[in-house]
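The values are calculated or read from the model by the stated rules, or taken from the named source; none is laboratory data. These numbers come from a predicted model, not from an experiment. Here the Cβ is made from the backbone with ideal geometry for all residues, glycine too, and neighbour counts use every protein chain on show. Quick note on the areas: whole protein, heavy atoms, side chains included, nothing else; ligands and nucleic acids left out. Shrake-Rupley method; radii C 1.70, N 1.55, O 1.52, S 1.80 Å.
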Amino acid sequence: MYASREDIGYDFGEDSKVGSKPSKPNPNIDGGWAWMIVLSSFLVHILIMGSQMALGILNMEWLEEFNQSRGLTAWVSSLSMGITLIVGPFIGLFISMCGCRTTAIIGGVLNALGWILSAYASNVHYLFLTFGLTAGIGSGMVYLPAVVMVGQYFQKRRALAQGLSTTGTGFGTFLMTALLKYLCTEFGWRNAMFIQGAISLNLCVCGALMRPLSPKDLCEKYVVRSDSEENRAKALSHSTETIKSNGVLSEEPEKKEEAANEEVLGSVQHAEIGGKSGSGRSMYGLRLFKTVSQLTITVRKGFALWYSSYFGAASLFTNRVFVAFIIWALFAYSSFVIPFIHLPEIVKQYNLSRQDNVFPLTSIIAIVHIFGKVILGIISDLPCISTWNVFLMANFTLVTCILTLPLMQTYVGLAVVCALIGFSSGYFSLMPVVTEDLVGTKHLANAYGIIICANGISALFGPPFAGWIYDITQKYDFSFYIAGLLYMVGIIFLLIQPCIQKKQPREKSTEEAQV
């Protein structure tokens with residue numbers, strides 16, 4: 001019995017056969033090279049998320065250079081951050097076909113190219129294309145593999161590993177803010193972006209560290225998971241029977257396709273053996289044909305997995321808890337981003353600028369956010385603690401802070417609320433863990449791509465919406481209230497869906513008993 005797989009209701013075919021054979025566990029699972037994967041993901045968060053949180057420095061330079069409105073100029077940063085997350089589902093297709101390592105290396109080159117081309121910008125619209133689109137897509141191609149690889153390499157300490165790797169966002173916010181401020185002062189913003197583009201090439205090195213696990217190692221991970229996480233899996237057991245009745249991720253079509261692919265490769269190899277007595281030109285043609293055939297099969301398998309996850313009978317959207325998770329993600333991320341955008345103005349309105357200059361409230365959020373990710377990760381990895389429950393409690397704390405923040409009019413009060421916001425928002429490190437518990441490791445890339453896409457939509461439209469509310473009411477209070485209420489709606493979806501899932505199997509069993 002594989003507890004976590006039954007919890008999510010997906011049938012993984014003949015993987016269970018592996019459990020009956022005693023095998024030596026891979027030392028790189030939860031140890032060895034797994035910590036290099038954490039280091040790689042940590043550096044990715046510094047270079048990508050840290051840089052995006054520090055874009056306020058460049059935003060001031062762009063305002064001065066191009067003399068455009070604040071709203072139009074702010075879209076450059078919003079596009080970059082939003083597209084990084086929105087492209088998640090499409091990056092899942094790249095990962096299915098090319099793997100995490102190749103996808104991340106290509107993304108590193110694209111991200112660096114976006115920074116370098118932006119150094120030659122002549123207007124804001126040029127930055128939309130080079131920085132918002134090009135660098136944003138490149139960032140997404142590195143960010144998603146960095147998260148997925150940590151999930152693949154860790155089993156017993158997944159939450160801690162994700163927490164450690166995502167602390168790079170907090171460290172990167174400090175490092176990149178100081179670096180960009182120094183580079184803009186010494187060399188100007190154009191040269192600063194050129195230098196930052198060169199630094200971003202280190203993302204290719206991070207991608208090269210993402211050594212893929214063999215299918216055998218992934219199967220061994222499933223076996224370990226069934227033994228060590230039976231208690232944690234019970235937290236998500238409410239989705240079992242309903243998901244099976246709605247749609248099963250069956251691998252029968254995939255097995256048939258693999259058999260057909262093997263038959264094609266077998267015929268190519270047979271022709272190659274039979275053609276050894278032929279000319280060198282014919283042998284070269286056969287080898288070229290074999291290479292193209294292998295590449296075509298890889299692309300077809302990757303696309304089939306990606307397509308079935310989103311649109312096929314085995315769609316991830318048949319998992320109702322996962323759908324509720326998507327709805328939650330549509331409202332959650334903006335509640336974290338809005339304080340970063342509007343806190344400086346709130347401080348100015350309350351005449352607290354002097355205290356804020358000594359220790360900015362946004363810095364308090366960033367610092368405590370680092371500790372929140374690690375501590376929540378450690379708590380979630382405890383055998384007697386459910387990751388799902390920790391995730392929900394952190395969400396309740398965050399939404400409470402968002403709703404009470406406008407009521408605080410002293411620096412101490414705001415500092416306490418900001419510290420709680422930073423700590424509770426550490427649940428971001430648990431999102432990949434919860435997603436993996438819902439859909440399994442095999443579908444983590446596609447599923448988490450959908451989740452961060454929803455977060456990207458929230459990040460893209462949340463701050464402009466809050467600004468629009470301020471233009472109407474001339475107060476930031478309503479921006480926080482509306483964001484908090486929408487966030488609460490997302491949390492309610494997470495709560496009521498499990499209740500519905502629990503009732504349906506009981507009703508079904510009652511009907512069967514009557515028959």
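Taking the conditions exactly as written (open to solvent by 50 Å² or more (accessible area, probe 1.4 Å), closer than 30 Å to residue 381 by Cα and not assigned by the TED database to the domain that holds residue 446), does residue 175 satisfy them or not?
When the stated conditions are applied, residue 175 passes them.
Give the residue that is modelled with the highest pLDDT, with candidates limited to residues of region 30-52 that are part of a loop (DSSP other than H, G, I, E, B) and open to solvent by less than 30 Å² (accessible area, probe 1.4 Å).
Checking each candidate, the answer is 31.
Look through region 418-476, keep the residues that are among the hydrophobic types (A, V, I, L, M, F, W, C) and modelled with pLDDT under 75, and return whichever of them is nearest to the chain's Cα centre (by Cα).
First pass over region 418-476, keeping only residues among the hydrophobic types (A, V, I, L, M, F, W, C): 418-421, 423, 428, 430-431, 433-434, 438-439, 444-445, 447, 450-454, 457, 459-461, 465-466, 468-469, 472.
Among the residues that remain, those that are also modelled with pLDDT under 75 are: 445, 465-466, 468-469.
Working: 445: 9, 465: 23, 466: 24, 468: 28, 469: 29 Å.
Filtering region 418-476 for residues that are among the hydrophobic types (A, V, I, L, M, F, W, C) and modelled with pLDDT under 75, the one nearest to the chain's Cα centre (by Cα) comes out as 445.
Condition check ((1) open to solvent by less than 10 Å² (accessible area, probe 1.4 Å); (2) on the phi < 0 side of the Ramachandran plot; (3) assigned by the TED database to the domain that holds residue 391) across all residues:
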| site | (1), (2), (3) |
| --- | --- |
| 413 | no, yes, yes |
| 416 | no, yes, yes |
| 431 | yes, yes, yes |
| 440 | yes, no, yes |
| 449 | yes, yes, yes |
| 464 | no, yes, yes |
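State which residue pairs qualify: first residue in the same structural domain as residue 494 (by the TED database) and inside region 371-396, second residue buried (at least 21 other Cβ atoms within 10 Å of the Cβ) and not in a helix (DSSP H, G or I) in any location, beta carbons under 7 Å apart, and separation of 6 or more residues or different chains.
These pairs meet every condition: 373/167; 374/167.
Could you list, in sequence order, the residues of region 53-65 that are open to solvent by 30 Å² or more (accessible area, probe 1.4 Å) and modelled with pLDDT of 85 or more?
Correct list: 61, 64, 65.
Take region 426-441 and flag every residue that is closer than 21 Å to residue 370 by Cα and aliphatic (A, V, I, L, M).
430, 431, 433, 434
Could you pull out the residue among 405, 438, 420 that is over 23 Å from residue 162 (Cα atoms) and assigned to a helix (DSSP H, G or I)?
From the options 405, 438, 420, the qualifying one is 405.
Which of the residues belonging to region 68-98 are modelled with pLDDT of 85 or more and surrounded by fewer than 21 Cβ atoms within 10 Å (Cβ to Cβ)?
Hit for region 68-98 is 79, nothing else.
So, restricting to helices (runs of 4 or more DSSP H) that lie completely within region 320-391, which ones have at least 2 residues that are open to solvent by less than 10 Å² (accessible area, probe 1.4 Å)?
320-349, 361-380
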